[in-house]
Each structure stands twice: as structure tokens, then as C-alpha cells.
1. Out of the residues in region 21-35 that are part of a loop (DSSP other than H, G, I, E, B) and surrounded by 14 or more Cβ atoms within 10 Å (Cβ to Cβ), which is modelled with the lowest pLDDT?
2. Looking at the structure I just gave you, is residue 18 among the acidic types (Asp, Glu) and at pLDDT below 80?
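The values are calculated or read from the model by the stated rules, or taken from the named source; none is laboratory data. Treat the numbers as computed from the prediction; the structure is a model and nothing was measured. Neighbour counts are summed over all protein chains in view; Cβ atoms, including those assigned to glycine, are modelled from backbone coordinates with ideal geometry.
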Amino acid sequence: MGILWFILIFISLTRHGDAHGPDSCNHEGGLCRVGNCVPGEYLARYCFEPIILCCKNLSPTTVKS
């Protein structure tokens with residue numbers, strides 16, 4: 001019975017609100033984090049709402065050639 005509850009909670013987290021998943025977050029230059037974004041990052045969206053956040057850097061990184 002415990003496994004059934006775990007599966008139901010997981011399904012509800014993936015289908016709730018603006019959750020796009022980790023692949024979408026990583027593809028757009030973000031990182032999925034649990035709880036809070038670290039200093040220098042902002043909340044862009046949710047990987048799994050409301051627990052796992054998709055955080056992005058405040059300033060875009062520059063690439064030197």
C-alpha cells in the first residue's frame with residue numbers, strides 16, 4: 001500500500017501546475033534544485049512543483065574564444 005501512495009504522489013507532482021521536468025530545465029540552461037535556489041540564481045519555473053525548482057543564473061555566462 002505504501003508503494004501505491006508513493007506512485008500517486010509522484011504522478012501528482014509531475015502533472016501539477018507549471019511543472020516541465022528536468023529535461024526542459026537543463027535544455028534551457030537551468031538546474032533543478034530542491035528547496036531554494038542558491039545565491040546568484042532565480043526561480044525560472046518548477047521541475048516538479050512545488051518541491052523541486054528550476055533555477056537559472058541571474059547574469060548570462062559569457063564564453064571566451
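1. The selected residue is 21.
2. Criteria met by residue 18.
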